Amino acid sequence: MAASLPSYDEAVSGGHWLNLVAPYVAVQDYPKLCRVSRRFYDLFAPRLWRDPLQTVCRLGLHPNDVLEWFIYFVTERAKLVRFSTRKLVLALDLRVFDTDVPPSIAGTNVQQFSALLRLIGETFPAVRCILLGGNTGYDPSDLGRILRPDDCPDDGSLPIPLVLEVSCCGMSLPNNFFYSSYWRQLVYLDMSSVPGTLKGIIKTGTFHHRALPNLRVLKVCNRELDDDFLGPIAELTRQRLWSLDLGRNKLTDSCIRKVLCPCFGADNLTAQRGRYEVEGKLNVVQGITGAEIPHTWRVWFSYIAESALSASFSHPERYLADSPVYDENSRHVLRLAGSEPLRSDHVESFKKILVGGPGQLPPDWHDAQNADICKPSSSLTHLHLSGNPELTMEGIESVFRFSRGHIRHFDCASPAIATCGQVPFTLAGVLGRSHLFRPVFASNLQSLRIHHSLVTHIPTLSNSRKSALAALEYAETVLRNRAEMAYPRAFVPDLNPRLQSLTLTCLPRVSRGPLIDKLKQVLISAADQEIALWAQQAEIPVSRRGPRMLRGLRHILLEFEPHPPQDENLDGPFESLDAQALLDSSADSFSFFAEEASTGHKDAKRSQIGKGGGRWSNRRSKSFRDSDNGDSVGGNVDARRASEEPKLPGTGGVANAPPPRFSTTHFKPVSVTDVVEQNRAGQRGRLSHYPLPGALDVESEYVRELLFLDDSGNASTAIKVPVWVGSGRQGPSRAVNAYMANLSRESLRTHIRPATPDQVKAGVPMNACIYNAAWDAILWLGEADEDESAAKGNTLNGLPTSAASKEAQSGMASRRPSSQHQSHHSPAMRDVVDAIRQFRAETRASYRPRGLSPTPPTGQKEQQQQPQLASRYWTGTLEVLLAS
C-alpha cells in the first residue's frame, strides 16, 4: 500500500503536465513515447504492456494473426525481453481469438498453444487476469503446472492471478487443478460450460476454504449441477462470495430454499426505520386465537402493510436516498443509501478495476488486492439462476423472502409456472410477484433480469402440438386477460425507485398489439419517473448538505427471442386459428386434469404443487383432541407419512427451519347433514362444494388449517391459521369467483400464504391467508364464465356447478368467437422491435432538454406546461438484444 502513496514533492506540487495528457494519447504513439525519456517510459510503458493482445489489435494487427503472433512472442521473442518489462503484462485476454476466427485452436497450433499455456506463469510473472473464455481445443491443465510452489507464497506478497476465465474450453479440468498455489489468490473464477460435471472437483474438496480462500465471484453455468452437489458450493459462498452464477443447471425450488438461503447475511435490511410512510412495512399474520406465528415461520407469513401513500407509490419523499447513519459502535450492516452506482460482476468490470482501462495507468498490486470487489462479503448479493427448468416462481419468492434485503442483482430469465404437471403444455413467467421487488422486500435491489411477463402480463406458452404463433396468440389474448384479472397491479419503475437497471427477457418478435402497448407503457412510466425526479431535484436548494437523490431507472434492456418460423402468415390474421381449440383440436378428448376427466372429482390425487419451498400440502394429523372444543379429530397417519415432503435442514436460523405443515383437519366439523340441508334449502346460488372442510361455520368465509411446528404432528405444537375461501356466491370480482370455483379441487387447496397486494386489489381481504395454488390456477384454469353461451347451461350464477361439462371444468369450453368471425377484426402481426423504434423516434421528436423547459414547482403554472413537459421521451439507455 505504501508504494502507491505519493511522495512529499508530489503531494505538495500541482503534478506534471504529462500526467494530465497521458490518458488522452493515442495507443499508436505509445512505442515512440517510451523512447523519449525515463519519465515518459514510466508513464507509457505500463499502458503499452498492460494488455498486449488488445494493444496489438489497436496497433493494426488483424485478429486472425494474433494467435500466431502471440505464440511466436511467448516461445521465441520473450526470451529477449527484459524481466522488468515482462512484469508489466497484467492481462492476457485470449478471447480476441474468438472475433473473426473459429473458436477452436485447430491444426498444428495445438501443441504450440499448449506450450504457450505452460509458459504463461514463467514468462509473465505478474499477470493478474487470464481470460480464455470462448476458445476450445486446449488442455487447461497446462496452465501454471510447472511453477514451483515457492514462487507463489500464500500471503499474497507477490503478484499471481486474480481472475481466471476458462469457460467453454474443450477439455475438462483436473479434479486437483485448483490445489496449485498459483491459484491461491483467485477472486474471480468462471468455469462455465466446461465438459464434464463438478462432482470430481467437489469431492476433492476444491470448494473448501483452504483451496480458494479469496474467491469472491464464482460462475458455474451449464455444469449439470443438481441439488445434491450444491451444498459444498453454498458452504464456500457463506461469508465469502458476493456473486454466484448457477445458470443452466438442474436446480429446484427445494434446493434454493435449503441450500442458498443461508448464504444471505443475517442482518435484516428490510426492517428500515422511518420508511413506513414511503415504502410500507412487513407485518406477520396471526392465528385464529390471536397467537403469533413463531419467529422461524414469520418469513413465509409476512405481508406488506401499506401506508396512505405507499400502495400508490406517490409519496413525495420516495426519490430521496437514505440519510447516513453515524454509529461507530454498531456492527450491523445497513442497507444501501440508494444512490450508489451498480457493482458489476462481469469479467470486464474486474479486468478494468484490477488492470485498468484503455489509457489508464494500472493500479499497484496491493491496491488491486484491496479493491472493493476483492474484499470478503457478509452476504451473497448477486445471484444468477436463469436456465434451471425446474425452478418456478416459488423459488424466486424464496430468494427474496430469505435474503432479508441483501440482493443487489437478480437474474432469472424464465421461471416456470406450476401447472400441476397435468396439462400438455408449459408456462413460464413471473405473475403476481411484483411486490417482491419493492424496497420493503428487496431493499438493495439495483439490477433485475427477469421474464417480460412482470411488465406485460403475458406468459410464455410452449406447446409442441401447436405452432409458435398460435401459442403466442393464445398467450397474448386469453392468458393475458386472465393474468390481468388475477394480478391487476402493473409493474412501474416507481414500484422501486432504487432499481437502476431492468432487463426483460424472452420477448417475442411479433405481436398483435398488447405486447407493444405494454412495452410502451413501461417507457412512458420511466419518463414520468424521470420528470418527477427532475422536478423534485429542482426544488431542493443546491448545497453539499442537501439530501441525496436516487438515480431511478436508467437502463432498460429488451432481450428478444428468435423470429417465428416464416411459414406462418405474419402480415395478417391467422386463417385457421380458433382460440377455443388453440391448445387442443378436440376439447372433448382433453382435460387439464386427465384423472378427473375420467373419474370426476372422486379420489383426486394431490397435486405436486404442494411440494417445494413454502408450497405445503394439506396433510392429516394423528388423532388428538382439540383443546378448544374437545372434538376428537382423526386422520390417516400412513397417508400423511407417505406424502412427506422435503424439509429444511435443522441447523439453526430462519432459513434452516423445516417448513410448516398444514392439515385440512378442522375443529368444528360441518356435518354431512348440514351440507345436505343447506343444498336442499338453496343458498341463493352458493357453490355446491361449499362449505369447505374445516369451515368455522356453515356461512363462514374462513376455514381452519393447522400449522405444525415440528415433524411429530403433535397438536400441542400446532397453530390454527384462518384461510379465506370466500362466501361461495358470485360477487363483483371475477378473480374471486374463479378462485372459489377452483377450490372445488382438493389438490389446489394448498400453498397457504398471506394475500399479496395484487390479490387484495382483486378482492381478497387484507391480512387474510388464502390458498395460493387455487389462486395461481386462475391463469391456466381460467374462469367458468369466460364464454357466456357455454356458461348458461353449465353454471349457476356464472360459476360452475357439479353438473358442469368436462369442457367447463377444464377451462377449454368455447371462450372466444371462432376464427371466421375474428379474422375480419384482428389486427395484423407487427414487428415489436420496429414498433418500439418508431415510438422512440416519435417521443424523441417532441423532447425538450431539461434546461429549456424547467419543471415549475406547483400550481396552475405546472398544469399549463404539463403537456409540453410530458413529451414521453425517456433519456435513459434503451438497448435491444436480438437472438439469432
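Run the simple label-point estimate for Arg837 and Leu361 please: 7 Å along Cα→C-beta, distance reported in nm.
That separation, rounded to one decimal, is 4.5 nm.
Counting other C-beta atoms within 10 Å, which of Thr426, Thr460 has the fewest, and how do the rest follow?
In order of increasing Cβ crowding within 10 Å: Thr426, Thr460.
In the structure displayed, which of Lys199/Lys250; Lys250/Lys466; Lys32/Lys352 lie more than 18 Å apart, Cα to Cα?
Working: Lys199/Lys250 14 Å; Lys250/Lys466 27 Å; Lys32/Lys352 25 Å.
Check vs 18 Å cut-off fails for Lys250/Lys466; Lys32/Lys352.
Could you work out the per residue convex hull volume over the alpha carbons of the range 122-224, in cubic angstrom? Mind dumping the intermediate values first?
Working: hull volume 9.6 nm³, N = 103.
It is 93 Å³ per residue.
Taking the number of other C-beta atoms within 10 Å as the exposure measure, put Ser172, Ser403, Ser744 in order starting with the fewest.
Fewest to most other Cβ atoms nearby, the residues stand as Ser172, Ser744, Ser403.
Starting from 0.36 nm per residue, how many nanometres of slack lie between Gln521 and Ala883 once their C-alpha separation is accounted for? If you can, show how the numbers build up before the last one.
Numbers: separation 362, 0.36 × 362 = 130.32 nm, distance 2.35 nm.
Roughly 128.0 nm would be gained on extension.
Lys and Arg at +1, Asp and Glu at -1: add these up for the other residues within a Cβ distance under 13 Å of Glu701 and post the number. Mind dumping the intermediate values first?
On the way: positive: Arg686, Arg704, Arg729; negative: Asp697, Glu699.
With Lys, Arg at +1 and Asp, Glu at -1, the net is +1.
Neighbour counts of other C-beta atoms within 10 Å: give me Asp372, Asp139, Asp758 arranged from fewest to most.
Details: Asp372 9, Asp139 18, Asp758 21.
So the residues, fewest neighbours to most, are Asp372, Asp139, Asp758.
Readers should treat all values here as calculations from the given coordinates under stated rules, not as data from a laboratory. Remember, predicted model here, so these are calculated numbers, not experimental data. Cβ sites come from the backbone with ideal geometry, for glycine too, and all protein chains shown count toward neighbours.
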